[in-house]
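Please read the structure below before turning to the comments.
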Amino acid sequence: MKFATLPNGTLDGRLIIVSKDLTQAADASSITPNLLSAVQNWQSKWIDLQAMYDLLNEGKLEAAFDFDPSACLAPLPRSPQWLDASAFLNHGKLMEEAFNTDPIADFDTIPVMYQGASDDFQGPTVDIPMPSEADGIDFEGEFGVVMGEVPMSATPEAAAKSIRLIVQINDWSLRALGPREMNSGFGFLQAKPSSSFAPVAVTPDELGDAWANGRVNMPLHVSWNGERFGEPHGSEMNFSFPQLMAHAARSRKLTAGCIIGSGTVSNSAREAGSACISERRVIEKIDLGEIKTAFMKFGDTVRMQAKFDDGTDGPFGVIEQKVVSN
């Protein structure tokens, strides 16, 4: 199934179901008012939602309407919890090499993860206000999962059964603020503004063979101001989503509607490009001896779209946003 959210004056918006080809939609709020409610009540709602999805794809819903991604909020405008990992180890290792930092203990065996803001997720096409260009404005292309409840100390195998939806994310970062916050020992706060989401959240079966081994096996195509930036592939994710979920649930349960992000999609092959500016900058430092690329300026735009390996458009839709002064 494919889901999106339209504004209706409430904090969680109005749930719609989107057709497989992303052209049509139907109001699903008669079944459950919003996507958070759907995830929290999945066992009692998914059969009716699936039936509506099937009718929509068969052209049998008279109330169907044209789907407009630009009208959408984030699929989940807010979530009980947003946890973001750094599951592509190539990204972290590039940082270590560029800045000659000591490697994080157990970096290859224990996921790195932080808890971010989950109360104000941004839609796919809204302008993104930032306080200052001096903060080092950066985009970060990621994949993520929306989960049902995960018990404390769940195994990865058990956690996998709680994956409800897959999402595409732009996890905004303010790079100039990050080092001080990381060195404080308390983690990110100001360095991590609210994240943005592609318009459509999908059940794993919508990815077909591209959902394998708990990973989104698709390239994420990123462009900056209309120019190609990279298309790193999700298959190089070192920790699977079930592994990340089990890590997060080691000492607490995770409630339904929580979201875990993969961290910046990153590939070892230079020709794949990058999904964030920071990674391009460290590659320049390693390969050229100096950083040439600046961070974003007000008025800059970023576009992100996951695609299948054959080049056809992915199921999430497009993130396309402009950075503006707050």
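The values are calculated or read from the model by the stated rules, or taken from the named source; none is laboratory data. Given the structure is predicted, the values throughout are model-derived calculations rather than measurements. Every residue, glycine as well, gets a Cβ built from its backbone with ideal geometry; the counts of neighbours run over all protein chains shown. These accessible areas exclude ligands, DNA and RNA; they are computed on the full protein's heavy atoms, side chains included. Shrake-Rupley method; radii C 1.70, N 1.55, O 1.52, S 1.80 Å.
Matching residues to (1) under 23 Å from Pro315 (Cα atoms); (2) surrounded by 13 or more Cβ atoms within 10 Å (Cβ to Cβ):
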residue: Trp82; (1), (2): yes, yes
residue: Met95; (1), (2): no, yes
residue: Pro124; (1), (2): yes, yes
residue: Ile137; (1), (2): no, yes
residue: Gly144; (1), (2): yes, yes
residue: Pro156; (1), (2): no, yes
residue: Arg180; (1), (2): no, no
residue: Ser184; (1), (2): no, no
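Given the criteria touching a helix residue (DSSP H, G or I) at 6+ places or on another chain (Cβ under 9 Å) and basic (Lys, Arg), does Lys322 qualify? When the stated conditions are applied, Lys322 does not pass them. Among the residues of the range 56-72, is any in contact with a Phe, Trp or Tyr (Cβ under 9 Å, 6 or more places away or on another chain), in contact (Cβ under 8 Å) with a residue 24 or more places away in the chain, open to solvent by less than 70 Å² (accessible area, probe 1.4 Å) and over 24 Å from Met218 (Cα atoms)? So far as the range 56-72 goes, no, none of its residues is in contact with a Phe, Trp or Tyr (Cβ under 9 Å, 6 or more places away or on another chain), in contact (Cβ under 8 Å) with a residue 24 or more places away in the chain, open to solvent by less than 70 Å² (accessible area, probe 1.4 Å) and over 24 Å from Met218 (Cα atoms).
For a quick check of your reading: which strands (runs of 3 or more DSSP E) sit entirely within the range 16-131 and have at least 1 residues that are of a type in the set (Phe, Trp, Tyr) and closer than 30 Å to Ile283 by Cβ? Show your work before the answer.
Values: elements: 24-27, 82-85, 113-116, 128-130.
Passing ranges, in order: 82-85, 113-116.
Kindly provide the set of residues from the range 167-185 that are free of Cβ contacts under 8 Å to residues at least 60 places away in the same chain and within 13 Å of the chain's Cα centre (by Cα), ordered by number. Scanning the range 167-185 gives a single hit, Trp172. All of (1) modelled with pLDDT under 95; (2) within 19 Å of the chain's Cα centre (by Cα); (3) surrounded by fewer than 22 Cβ atoms within 10 Å (Cβ to Cβ); (4) of a type in the set (A, V, I, L, M) hold for Ile163 with one exception: (1). One residue is enough: does the range 203-211 have a residue meeting the conditions open to solvent by 40 Å² or more (accessible area, probe 1.4 Å), in contact with a strand residue (DSSP E or B) (Cβ under 9 Å, 6 or more places away or on another chain), part of a strand (DSSP E or B) and of a type in the set (A, V, I, L, M, F, W, C)? The answer is yes, given that some residue of the range 203-211 is open to solvent by 40 Å² or more (accessible area, probe 1.4 Å), in contact with a strand residue (DSSP E or B) (Cβ under 9 Å, 6 or more places away or on another chain), part of a strand (DSSP E or B) and of a type in the set (A, V, I, L, M, F, W, C).
Counting only residues that are among the polar types (S, T, N, Q) and over 19 Å from Leu220 (Cβ atoms), how many does the range 267-326 have?
Start the filter on the range 267-326 by keeping residues that are among the polar types (S, T, N, Q), which leaves 267-268, 274, 278, 293, 301, 305, 312, 321, 325-326.
Filter once more, keeping what is over 19 Å from Leu220 (Cβ atoms): 325-326.
The total comes to 2.
Here is the figure for the range 11-43: residues that are without any contact (Cβ under 8 Å) to a residue 40 or more places away in the chain and open to solvent by 80 Å² or more (accessible area, probe 1.4 Å) total 3. Does at least one position in the range 95-103 carry a residue that is within 27 Å of Ile260 (Cβ to Cβ), under 23 Å from the mean Cα position of the chain (by Cα) and modelled with pLDDT under 95? Yes, the range 95-103 has at least one match. Val265 fulfils the conditions (1) open to solvent by 40 Å² or more (accessible area, probe 1.4 Å); (2) touching a helix residue (DSSP H, G or I) at 6+ places or on another chain (Cβ under 8 Å); (3) modelled with pLDDT of 95 or more except for a single criterion, (1).
Taking into account only those residues within the range 274-316 that are small (Gly, Ala, Ser) and open to solvent by 10 Å² or more (accessible area, probe 1.4 Å), which is nearest to the chain's Cα centre (by Cα)?
Quick first cut of the range 274-316, residues small (Gly, Ala, Ser) only: 274-275, 278, 289, 294, 299, 306, 311, 314.
So of that shortlist, the ones also open to solvent by 10 Å² or more (accessible area, probe 1.4 Å) come out as 278, 289, 294, 299, 311.
Working: Ser278: 17, Gly289: 32, Ala294: 24, Gly299: 23, Gly311: 20 Å.
Across the range 274-316, the extreme among qualifying residues is Ser278.
Please verify whether Ile104 is without any contact (Cβ under 8 Å) to a residue 24 or more places away in the chain, aliphatic (A, V, I, L, M) and under 28 Å from Phe295 (Cα atoms), treating the condition exactly as stated. Yes, satisfied. Could you list, in sequence order, all residues of the range 69-100 that are touching a Pro at 6+ places or on another chain (Cβ under 9 Å), of a type outside the set (Gly, Ala, Ser) and over 21 Å from Gly273 (Cα atoms)? Pro69, Cys72, Leu73, Pro75, Pro77 - these are the residues of the range 69-100 that are touching a Pro at 6+ places or on another chain (Cβ under 9 Å), of a type outside the set (Gly, Ala, Ser) and over 21 Å from Gly273 (Cα atoms). For first residues located in the range 282-306 and within 30 Å of Glu206 (Cβ to Cβ), partners that are basic (Lys, Arg) and lie 6+ apart or on another chain with Cβ distances below 6 Å form the pairs Thr301/Lys322. So in the range 212-229, with the set limited to residues that are at positive phi and over 16 Å from the mean Cα position of the chain (by Cα), which one is surrounded by the most Cβ atoms within 10 Å (Cβ to Cβ)? Applying the filter and picking the extreme gives Asn225.
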